[in-house]
Amino acid sequence: MKSDIIGSKVVNNQHRWLEIFDAGSEGLWEMTPDNVVNFYNSHFYENFAVSLHGSPLDEWIAIMHPEDKSQFIQNLNTQVTEKITRFISQYRVRNRQGEYHWIEAVGVIHADDSGNILYMVGAHKDITEKKQYEDKLYQLAYCDSLTGFNNRRKLVETLTEQLEAKSQAAIMTFGLNKLNQMMDVLGYQAGNSIILLCAECLKEAFGSQNVYRTQPDEFVVLQKGVYSENVLKLQIGSVLTEFEQRFRSFHQSTLHALNVGVYLLKEDNALCEDAESLLYKSTLIMRHGSEKDACISFYADDEKRSIERHLFLETGIKKAITDKEFYLLFQPIVCAFTGKIVSVESLVRWNSVRYGEIMPTEFISIAEENGDIVELGYHVLVLACEFLNQYREAHTSVIKASVNVSVIQLMQPDFVAHFLDIVRHYELQPEYLTIEVTESIVLESNPFAVQQLLAMNQAGFTISLDDFGSGYTSFNTFFSIPFTQIKLDRAIIKKMEENSSVRAYVKFLVNMCNEKGTSVVAEGIEDIAQAELVKEAGVDLMQGFYFYKPKNGQSLIQSNRI
């Protein structure tokens with residue numbers, strides 16, 4: 001009787017434990033050494049096509065995702081062979097509706113004193129929602145929302161791993177030429193269609209796992225392995241041809257094209273490079289080829305020097321300011337009738353330790369593109385103020401100097417305040433400085449920049465319109481912006497020698513400026529004939545090699561002509 005009571009209690013306890021298991025959110029299981037599994041928590045396992053008791057392990061494996069089966073079997077064998085007490089793995093299992101759910105499995109081995117496995121127990125947890133959340137975070141962090149390709153952040157991480165492993169690869173940067181113009185003409189949606197068209201061609205050629213969208217108009221293909229230029233040219237050529245054909249069917253235009261820059265990552269150059277610099281070089285190669293109308297450009301010896309020089313210019317301006325590699329030359333502006341120097345124009349030069357003398361025609365446009373022109377512009381002002389102070393110490397009067405100001409500088413909210421602070425620091429009056437502005441067509445569409453010039457004019461600075469006659473300058477600009485000086489470009493001076501209509505135009509312009517109280521400077525005077533010609537037109541100030549070549553500050557200070 002007592003044994004019956006005990007037996008009844010054991011059965012009741014088992015049922016109670018099973019009810020507790022059924023109330024939980026996790027599935028519990030046990031497995032014998034001959035791979036027979038008993039599943040507990042019927043609410044969890046009823047969603048899967050397996051027997052709850054005495055189920056062969058193969059039943060569970062059969063409903064796993066095909067891509068996860070081999071890894072699961074390998075993990076199980078490793079745990080059993082190496083007697084790993086506790087092991088955690090994740091894989092996908094198909095439910096009765098044919099949907100795959102992510103399962104996190106924990107397995108614990110129980111063995112006797114001799115190490116023989118008696119049984120395994122464990123738990124299954126549905127982590128599908130967690131995985132979906134992780135996928136969303138991954139998509140946000142690493143994927144481009146339009147194309148679905150991995151983004152630049154992921155590319156940098158992958159490429160860094162390549163460099164650490166010293167693996168060889170080909171880095172190909174595809175640039176969509178004139179995408180912004182196409183979007184201006186056809187609209188934003190059409191631009192997206194062009195991007196997707198390019199993405200489709202790249203995916204078919206290289207596989208989506210190798211393609212990254214790094215910029216709105218750029219894709220990078222990272223293809224691991226060793227490749228010759230001929231093989232890559234064939235691959236890239238097929239992409240260019242396919243894209244051109246599909247683009248023509250999309251829009252009957254020859255406006256669009258793809259340019260490609262290729263950097264071959266080899267063992268000898270992987271040791272001293274980082275991912276960002278490599279990607280930047282690849283982009284520079286693509287741009288360099290685009291400027292030369294070359295569809296495919298390789299980072300080779302014939303272009304390596306120019307690309308590295310461009311890279312140096314784009315990244316070295318701020319350091320050159322700190323290292324005091326920039327200096328000023330000053331070209332005098334003289335009175336047309338007395339020949340006396342009345343002011344000087346500040347001309348910035350770069351004496352690089354690495355490349356020697358670098359001319360403004362090479363680095364100014366780059367500084368404007370990357371924003372360094374703001375810091376460089378203030379640095380030029382500081383150097384000009386230092387010269388004016390040195391001149392003041394050596395003479396009883398202060399000569400007037402002009403400095404060039406980019407519209408990009410004018411668009412800075414603190415431009416006026418910062419400019420004034422520098423001038424006041426050197427205890428100079430605004431009347432001793434002229435601000436030269438070139439981009440008149442840009443000014444017309446930037447009311448804020450015009451407001452900045454008005455403020456500078458009210459503060460006492462002379463405002464000069466540089467390079468007048470070299471391009472488009474409307475009279476609307478001339479009258480709406482407070483220019484107190486215009487500088488006739490050397491091109492219009494040359495045309496005066498050849499064309500009487502141009503001479504008449506310059507006379508009319510000078511008369512109009514005189515009525516407005518605006519002075520006129522003729523730039524680029526090379527000989528006496530040009531000097532007499534502009535003097536006859538009524539121009540009151542002249543500048544050019546006929547009078548003076550640009551000089552350093554000390555030469556001007558010591559000159560008796562000032």
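The values are calculated or read from the model by the stated rules, or taken from the named source; none is laboratory data. The structure displayed is predicted, hence computed values, not measured ones. We place every Cβ from the backbone using ideal geometry, glycine too, and count neighbours over all the protein chains shown. Surface areas here come from the heavy atoms of the whole protein model, side chains and all, with no ligands, DNA or RNA. Shrake-Rupley method; radii C 1.70, N 1.55, O 1.52, S 1.80 Å.
How high is the relative contact order of the chain, in percent, with contacts defined as C-alpha pairs under 8 Å that are six or more residues apart? Let's see the in-between values first.
Details: 854 pairs, mean separation 45.1, N = 562.
After rounding, I find 8 percent.
Just check the stretch 345-463 against the gyration tensor rule for me: Cα atoms, a ≥ b ≥ c as the square roots of the eigenvalues, rounded for a/c under 1.5, and otherwise prolate or oblate depending on whether a/b exceeds b/c.
oblate
Taking only protein heavy atoms and a 1.4 Å probe, what accessible area per residue, in Å², does the chain have with all protein chains in place?
Here the residues of the chain average 52 Å² of exposed surface.
Could you calculate the FRET efficiency of residue 164 with residue 230 from 1/(1 + (r/R0)^6), where r is the beta carbon distance between them and R0 is 25 Å, rounded to 0.05?
According to the calculation, E is roughly 0.30.
For residue 82 and residue 498 in one chain, what is 0.36 nm times their gap in residues minus the Cα-Cα distance, to one decimal in nm?
In short, 140.3 nm is gained.
Once a ≥ b ≥ c are taken as the square roots of the eigenvalues of the Cα gyration tensor of the stretch 123-162, is the result rounded (a/c under 1.5), prolate (a/b larger than b/c) or oblate (a/b not larger than b/c)?
Here the stretch 123-162 falls in the oblate category.
Relative to a virtual label point 7 Å from the Cα of residue 118 in the Cα→beta-carbon direction, which members of the stretch 30-58 show backbone nitrogen distances below 16 Å?
30-34
Once you put a point 7 Å from the Cα of residue 53 and another 7 Å from the Cα of residue 417, both along the Cβ direction, what distance in nm separates them?
Label at residue 53, label at residue 417, 8.2 nm between them.
When a/c is below 1.5 the answer is rounded, else prolate if a/b is larger than b/c, else oblate, so apply that to the chain with a ≥ b ≥ c taken from the square roots of the Cα gyration tensor eigenvalues.
It comes out prolate by the Cα gyration axes.
Given R₀ = 60 Å, what would the calculated FRET efficiency be for residue 528 paired with residue 180, taking r from the Cβ atoms and rounding to 0.05? Mind dumping the intermediate values first?
Numbers: r = 48 Å, r/R0 = 0.81.
E between residue 528 and residue 180, to the nearest 0.05, is 0.80.
Of all accessible surface on the chain at a 1.4 Å probe, what whole percent is carbon and sulfur?
In the chain, the share of accessible area belonging to carbon and sulfur is 50 percent.
So if R0 is 22 Å, what FRET efficiency would residue 128 and residue 62 give, r being the distance between their Cβ atoms, rounded to the nearest 0.05? Write down the numbers at each step before the final one.
On the way: r = 20 Å, r/R0 = 0.89.
Plugging the Cβ-Cβ distance into 1/(1 + (r/R0)^6) gives 0.65.
Note down the nm distance, to one decimal, between modelled labels 7 Å out along Cα→Cβ at residue 274 and at residue 505.
5.2 nm
What is the extension gain from residue 99 to residue 427, computed as 0.36 nm multiplied by their sequence separation minus the C-alpha to C-alpha distance, in nm to one decimal?
Difference between extended and current length: 110.3 nm.
Nearest 5 percent is fine: what portion of the DSSP beta bridges confined to the chain is antiparallel?
Counting DSSP beta bridges with both partners in the chain, the antiparallel share is about 75 percent.
So, in nm, how far is label residue 309 from label residue 30 when the simple model puts each one 7 Å beyond its Cα toward the Cβ?
8.1 nm
Among 542-550, 107-115, how do they line up by average Cβ neighbours within 10 Å per residue, starting with the highest?
542-550, 107-115
In whole percent, what relative contact order does the stretch 519-562 give with Cα contacts below 8 Å and a gap of six or more residues?
Numbers: 36 pairs, mean separation 18.4, N = 44.
It rounds to 42 percent for the stretch 519-562.
At a Cα cut-off below 28 Å, give the lysines reachable from residue 131, other chains included and same-chain residues fewer than 8 away excluded.
69, 154, 203
Residue 137 to residue 249: extension gain in nm, 0.36 nm per residue of separation minus the Cα-Cα distance?
On the way: separation 112, 0.36 × 112 = 40.32 nm, distance 3.71 nm.
Length gained, residue 137 through residue 249: 36.6 nm.
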